[in-house]
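**Student:** The following block contains the structure, expressed as structure tokens.
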Amino acid sequence: MKWVVGNWKMHTTAQEAKLLARRLREELYEPELPRRVRVIVCPPFTSLCSVQEALRGSWLQWGAQNCHEELEGAFTGEISVRMLTALGCSAVIVGHSERRRTAGESTERIARKLRRVVQAGLWAILCVGETLAQRRAHRVRAVLTHQLRSALQGLEPQQWESLLIAYEPVWAIGTGQAAELEHIRQAHTLIAELLTQLGAPGHVPILYGGSVTAENAQQILQLPEVDGVLVGSASLDAWQFCTIVRVAALCTSPIPTC
Ligand code: PEP
């Protein structure tokens, strides 16, 4: 089973999102796909309702790009996990590098958000990854260790089951320059080791994100260390996204039917 997650970022009005989601639903209506791939699209908050309308009853899932760490309260402009659950969300992206950078999200806050998401039984897609300067300074291991430890230390055994990691080197996001395969392989192997050290009771899916396109998806998804992809820009193009989903299906074996 592979995962394909689309991050629509700050794109699409509610109406545009509905059209895109409908198109995905129509194009991906293939009985074999749900046995091989899990697909989650993450539109902006304001489009969640229309995406829910478009995808309800299909095998495609939807999620959010962020949430607040408290369940409710005097937090003007924020959105809680309870509100997302009520809109049928099954996942929340936590700690995306764009939020770490532009919204100044601290590691402590990311840890609290992650707990709130997994407590609600939603998938938490925790984004980790180094900047170019950190890579050049040979600090990839140190950065990933810090990001994973600060977010995951002390997680309850059953909470690990609601966790996905997205390895997203910051220098590969939105640049058109995906990481080289060997770099992805090494980073995913390191993350898997760190997760074991932190007490992961079983396999935690590790996705790669950073300039994934219809053209490079196959090479990346064929790596055994890669459980799926987190796709930004290419997820806004129905043809590209559907191609990536089909490629993912070809790169995995189906879950057996009982
Ligand atoms: C992202 O936003 O998580 C991402 C990977 O973006 P892009 O695919 O555009 O690099």
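**Student:** Return the aspartates and glutamates within reach of Lys113: Cα separation strictly under 17 angstrom, same-chain partners fewer than 8 residues apart disregarded; answer none if there are no such residues.
**Tutor:** Excluding near neighbours in sequence, the set is Glu69, Glu70, Glu72, Glu78, Glu98, Glu105, Glu156, Glu161.
**Student:** Collect residues whose amide H, placed 1.01 Å from N in the peptide plane, falls under 5 Å from the amide H of Val37; neighbours closer than 5 in sequence don't count.
**Tutor:** Lys2
**Student:** Please report the equivalent ellipsoid semi-axes of the chain, computed as sqrt(5 x eigenvalue) of the Cα gyration tensor, largest first, in whole Å.
**Tutor:** 25, 23, 18
**Student:** Which lysines, on any chain, are close to Lys18 with Cα under 24 Å apart, when same-chain ones fewer than 8 places away are left out?
**Tutor:** Within the straight-line cut-off, Lys18 pairs with Lys9.
**Student:** Whole Å is fine, so just give me how far the alpha carbon centre of segment 110-170 lies from that of segment 179-258.
**Tutor:** Distance between centres, Cα-based: 16 Å.
**Student:** Can you give the convex hull volume of the alpha carbon atoms of segment 109-258 per residue, in Å³? Can you show the working numbers first?
**Tutor:** Values: hull volume 19.5 nm³, N = 150.
In segment 109-258, the Cα convex hull volume per residue is 130 Å³.
**Student:** Now, a different point. Among residues other than Val81 whose Cβ falls under 13 Å from its Cβ, what is the net charge (Lys/Arg +1, Asp/Glu -1)?
**Tutor:** Working: positive: Arg82, Arg112, Lys113, Arg115, Arg116; negative: Glu69, Glu70, Glu72, Glu78.
My count for the surroundings of Val81 gives +1.
**Student:** May I pose another question? Pairs of Cα atoms under 8 Å, at least six residues apart: use those to get the relative contact order of the chain, whole percent.
**Tutor:** 22 percent
**Student:** Okay, next question. State the Kirkwood hydrodynamic radius of segment 30-156 in Å, one decimal place, computed from all pairs of distinct Cα atoms.
**Tutor:** 15.9 Å
**Student:** A further question on this structure: Could you compute the net charge surrounding Gly210? Neighbours are other residues with a C-beta less than 13 Å from the C-beta of Gly210; K and R count +1, D and E count -1.
**Tutor:** Taking every other residue near Gly210 into account, the sum is -3.
**Student:** Go through 135-142, 236-243 and give me the packing order, highest mean Cβ count within 10 Å leading. Present the calculation step by step, with values, prior to reporting the outcome.
**Tutor:** Details: 135-142: 13.4, 236-243: 18.0.
Sorting 135-142, 236-243 by mean packing, highest first, produces 236-243, 135-142.
**Student:** How much net charge surrounds Gln222 when only other residues with a Cβ under 15 Å from its Cβ are counted (Lys, Arg +1; Asp, Glu -1)?
**Tutor:** -1
We did not get these values from a lab; they are worked out from the coordinates using the rules stated. Remember, it's a predicted structure, so these values are computed and weren't measured experimentally. Ideal geometry is used to build each Cβ from the backbone, glycine not excepted, and the neighbour counts take in all protein chains shown.
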